[in-house]
Amino acid sequence: MSTETVAAVADADNKRKLALEVDVQTVGPCRRHVRVKIAEAEIQEARKQCVKEFGTSAAVPGFRVGKVPAGLIERRFNKEISDRIREKLLIESLEQLGEDKSIEPIDEPQFDVASLQIPDTGDFEYEFDVEVRPEFEIPAYSGLSIKRPVHTVTESEIEKRIRDYQIERATERVVDRPVAAGDYARVTLEFRHADNKLSTVSNQRVVVRPSLKLRDGEITGFDQLLIGAKAGDILTTSLVVTPEAENVELRGETIQVNVTVVNVVEFDLKSVDEIAEEFALESAEEVRNEVRKTLERQVTYRQRQETRRQVLEQMTASADWELPESLVRRQVENALRREMLEMQQAGFSFDEIRARENELRQKSLTTTRQALKEHFVLDRVATKESIEVEPYEIDAEIGLMAYQQMETPRKLRARLQKNGMIENLEAQIRERKAVDHILAHATFEDIPMEISETETSFALPYSVAGTSVAGTIEDSQEEDSEE
């Protein structure tokens, strides 16, 4: 516990400070309970200022505006003046508290403003709980030893990505035959638990692969379940809800899944020349060149993720400080958004991003807790090294993402702002620059990058219990389709 009296002195900008008495207590991991006492003299000074402000515009019968006696103003507008004093003192004292105390809050203080009353006499006191940044020493980060994965993009990888582009823009047609491995099929999924229907996901296009991943569970043996089935067949399997699912009651429960095969589909693919025209490119060869560049960015992304993992593994090895569960839960979406943004910047397809999102959601609390520790460490490094993000860097990232998604930067920026992701983008760039700074002083050993040639899973953006989450890659697609 610590108590400090802050004198009413002027700062470098000659702004008068309040006379505060502050008591700070540690009440849990990254959590402080703060009591603030503002001297009666400060209240009286604020009252004079507020009465004067009201007096310049208050309309009182029998008096001209600006000529109403101060005593009458104070009596007639007592509640409004008290509210204004409370607002003024709270804002000024919280700003001063942030400057004078090394609390470093993560979120806004938690207290009920409406319940606070300004006393007619005596000091004004209020208290609140606030979550703060953890206190720790930055580990040494110069001269780290890193194994750097390297890879050269192959012709088969280019051909596969071009086919992905063709399928994304293809016309779908139904074929009358049984399901085969690797097929595209439309299915309806019904989830049941203890004879109760939880939710239904209708007419979804899936790829028949060994695993179908949802946000809170995974159907294994999905291909073997569907192979040989025909339109109208109803197949039954089960899945286990992940231990960190949003629906607490269903965690670890076995869920019955009824899969109805709607149909099997094939595609009438556009030619590569038509794809070139859509991308405003001059030839099929230019398409190949652009695809190569995209795949090389993905190699860079994987390389950066792996080197970042090694950096942070070494730097957070001693980060044994605890983070409150409430903080971790609130930051789940931020952690997901950051990785989804990075994958968009690297040019991954929506299917690849969705699969990664579902993988992260299935262990969201664990991954978010680690991501938060990494964020705090990198933030301290960025602060120590005076690393900041310039507006042009954000513009460049948005421009690259817009090009890869075939939309205008203005439209993409508006969507990111609407979903609150601009802040995530800025934080992500700053952390990346901090990692780059560390890597600039590291030693490297190049090793072959592991590239999986076999796709074993497909992902759908749904939860077993039917819950939805805002601000993901799927929300972006839905907004675009509505437009």
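Some notes on this structure:
- Of all residues making up segment 242-261, the number that are part of a strand (DSSP E or B), β-branched (Val, Ile, Thr) and surrounded by fewer than 17 Cβ atoms within 10 Å (Cβ to Cβ): 1
- Condition broken by residue 450, with the remaining ones in (1) open to solvent by 20 Å² or more (accessible area, probe 1.4 Å); (2) in a strand (DSSP E or B) satisfied: (2)
- Looking across segment 70-108, the residues that are open to solvent by 60 Å² or more (accessible area, probe 1.4 Å) and within 31 Å of the chain's Cα centre (by Cα) come down to 91, 95, 99, 102, 104, 105, 108.
- Condition met for residue 49 (open to solvent by 40 Å² or more (accessible area, probe 1.4 Å) and within 43 Å of the chain's Cα centre (by Cα)): yes
- For segment 175-185, the candidate set comprises residues that are among the aliphatic types (A, V, I, L, M) and in a loop (DSSP other than H, G, I, E, B); within that set, the residue that is surrounded by the most Cβ atoms within 10 Å (Cβ to Cβ) is 179.
- Tally, over segment 352-382, of residues that are farther than 23 Å from residue 29 by Cα, touching a helix residue (DSSP H, G or I) at 6+ places or on another chain (Cβ under 8 Å) and either modelled with pLDDT under 80 or acidic (Asp, Glu) (or both): 6
So that you can scan it fast, the table gives a plain yes or no per residue for (1) open to solvent by less than 30 Å² (accessible area, probe 1.4 Å); (2) out of contact with any Pro (no Cβ under 9 Å at 6 or more places or on another chain); (3) assigned to a helix (DSSP H, G or I); (4) farther than 30 Å from residue 275 by Cα:
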| position | (1), (2), (3), (4) |
| --- | --- |
| 368 | yes, yes, yes, yes |
| 387 | yes, yes, no, yes |
| 410 | no, yes, yes, no |
| 434 | yes, yes, yes, yes |
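- The residues of segment 119-150 that are in contact with a helix residue (DSSP H, G or I) (Cβ under 9 Å, 6 or more places away or on another chain), part of a strand (DSSP E or B), more than 26 Å from residue 322 (Cβ to Cβ) and not aliphatic (A, V, I, L, M), listed by number, are 124, 126, 145, 147, 148, 149.
- Subset of segment 42-89 [closer than 15 Å to residue 18 by Cβ, in contact with a Cys (Cβ under 8 Å, 6 or more places away or on another chain) and of a type outside the set (Lys, Arg)]: 85
- All positions within segment 186-217 that are of a type in the set (A, V, I, L, M, F, W, C) and surrounded by 15 or more Cβ atoms within 10 Å (Cβ to Cβ): 187, 189, 191, 198, 201, 206, 207, 208, 212, 214
- For segment 226-241, the set of residues classified as modelled with pLDDT of 95 or more, open to solvent by less than 40 Å² (accessible area, probe 1.4 Å) and either under 17 Å from residue 184 (Cα atoms) or not polar (S, T, N, Q) (or both) consists of 226, 229, 235, 239, listed by residue number.
- Here residue 23 passes the criteria (1) modelled with pLDDT of 80 or more; (2) over 20 Å from residue 83 (Cβ atoms); (3) of a type outside the set (Phe, Trp, Tyr); (4) not in a strand (DSSP E or B) except the one numbered (4).
- Matching residues in segment 209-241 - criterion: being touching a residue at least 60 places away in the same chain (Cβ under 8 Å), part of a loop (DSSP other than H, G, I, E, B) and of a type in the set (A, V, I, L, M): 241
- Test: residue 55 is over 36 Å from the mean Cα position of the chain (by Cα) and modelled with pLDDT of 80 or more: no
- Against the list (1) of a type in the set (A, V, I, L, M, F, W, C); (2) under 29 Å from the mean Cα position of the chain (by Cα); (3) open to solvent by 40 Å² or more (accessible area, probe 1.4 Å), the condition residue 269 fails is (2).
- In segment 434-483, the qualifying residues are those that are hydroxyl-bearing (Ser, Thr, Tyr) and more than 24 Å from residue 238 (Cβ to Cβ), and the one that is modelled with the lowest pLDDT is 481.
- Of 131, 159, 172, all but one fail to be buried (at least 17 other Cβ atoms within 10 Å of the Cβ) and either free of Cβ contacts under 8 Å to residues at least 60 places away in the same chain or not β-branched (Val, Ile, Thr) (or both); the exception is 131.
- Members of segment 109-126 that are acidic (Asp, Glu) and either touching a Phe, Trp or Tyr at 6+ places or on another chain (Cβ under 7 Å) or loosely packed, with under 11 Cβ neighbours inside 10 Å (or both): 112, 120
- Among the residues listed as 359, 397, the single one being within 30 Å of residue 254 (Cα to Cα), open to solvent by 20 Å² or more (accessible area, probe 1.4 Å), acidic (Asp, Glu) and assigned to a helix (DSSP H, G or I): 359
- Segment 309-325, residues that are crowded, with 17+ Cβ neighbours inside 10 Å, modelled with pLDDT under 85 and in a helix (DSSP H, G or I): 312, 315
- Filter result (open to solvent by 50 Å² or more (accessible area, probe 1.4 Å) and either of a type in the set (Phe, Trp, Tyr) or without any contact (Cβ under 8 Å) to a residue 60 or more places away in the chain (or both)) within segment 137-151: 137, 140
The values are calculated or read from the model by the stated rules, or taken from the named source; none is laboratory data. Quantities reported herein were computed from a predicted structural model and do not represent experimental measurements. No Cβ is skipped: glycine too gets one built from the backbone with ideal geometry, and neighbour counts run over all protein chains shown. Side chains included, ligands, DNA and RNA excluded: accessible areas come from the protein's heavy atoms. Shrake-Rupley method; radii C 1.70, N 1.55, O 1.52, S 1.80 Å.
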